[in-house]
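Okay, structure first, notes after.
The values are calculated or read from the model by the stated rules, or taken from the named source; none is laboratory data. The shown structure was predicted, so the numbers you read here are calculated from the model rather than taken from an experiment. All accessible areas refer to the heavy atoms of the entire protein, side chains included, with ligands and DNA or RNA removed. Shrake-Rupley method; radii C 1.70, N 1.55, O 1.52, S 1.80 Å.
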Amino acid sequence: LENLQPEIQELAKRLGYEVSVRGKQLGWSEKVARLHFAKNMRRLVTELYVRDNCHPFKATLLLWVQIPMWVCVSLALRNCSVGALGSAVQEQFSSGGVLWFTDLTAPDSTWILPFSLGLVNLLVVEV
């Protein structure tokens, strides 16, 4: 989409000129000229999206998959840690940690994991 912006701006300038010339020839009001410009601009931008196969909805498609997946995983981990799946699973979580977090059902009092997860996410976004 970013690569198309210069082309879209050039098309907008050219279309604006053409619509203003045509509007003066036919005696259109400014409102009618703006409507023609908007309609034709939408058509041209849609043609560019089809030509380059880069519709803006495709950029948000990942979010529509990621958000429900994140909610489901969060709920599953919460259910495991509070014992909703049975006491055997909770016992495994309470003795299955490593290093400073031996009990996975207890909150991280050192805040090392939340901060490290936040830094890793920031690194992924920035890189």
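Please compute the contact order of segment 1-110 in relative form: average sequence separation of alpha-carbon pairs under 8 Å and at least six residues apart, divided by the residue count, as a percent. The normalised contact order for segment 1-110 reaches 15 percent. In terms of the Cα gyration tensor, with a ≥ b ≥ c the square roots of its eigenvalues, is segment 3-54 rounded because a/c is under 1.5, prolate because a/b exceeds b/c, or oblate? It comes out prolate by the Cα gyration axes.
Looking at the chain, the accessible area is 82 square angstrom per residue; that uses a 1.4 Å probe and ignores ligands, DNA and RNA. Measuring with a 1.4 angstrom probe and ignoring ligands and nucleic acids, residue 103 comes out at about 50 Å² accessible. Of the listed values [x] 7.0; [y] 9.9; [z] 13.2, grab the one calculated as mean projected area of the Cα convex hull in nm² from the structure here. From the options [x] 7.0; [y] 9.9; [z] 13.2, the structure gives [z].
For residue 46, the solvent-accessible surface computed with a 1.4 Å probe is close to 80 Å², ligands and nucleic acids excluded. On the chain, 66 percent of the accessible area sits on carbon and sulfur atoms, based on a 1.4 Å probe.
Under the classification rounded if a/c is under 1.5, otherwise prolate if a/b is larger than b/c and oblate if not, where does segment 59-126 fall, given a ≥ b ≥ c as square roots of the Cα gyration tensor eigenvalues?
Values: a/c = 3.65, a/b = 1.38, b/c = 2.65.
Cα axes put segment 59-126 in the oblate bin.
The GNM of the chain, with springs linking C-alpha atoms under 10 angstrom apart, assigns the highest mean-square fluctuation among 116, 95, 87 to 116.
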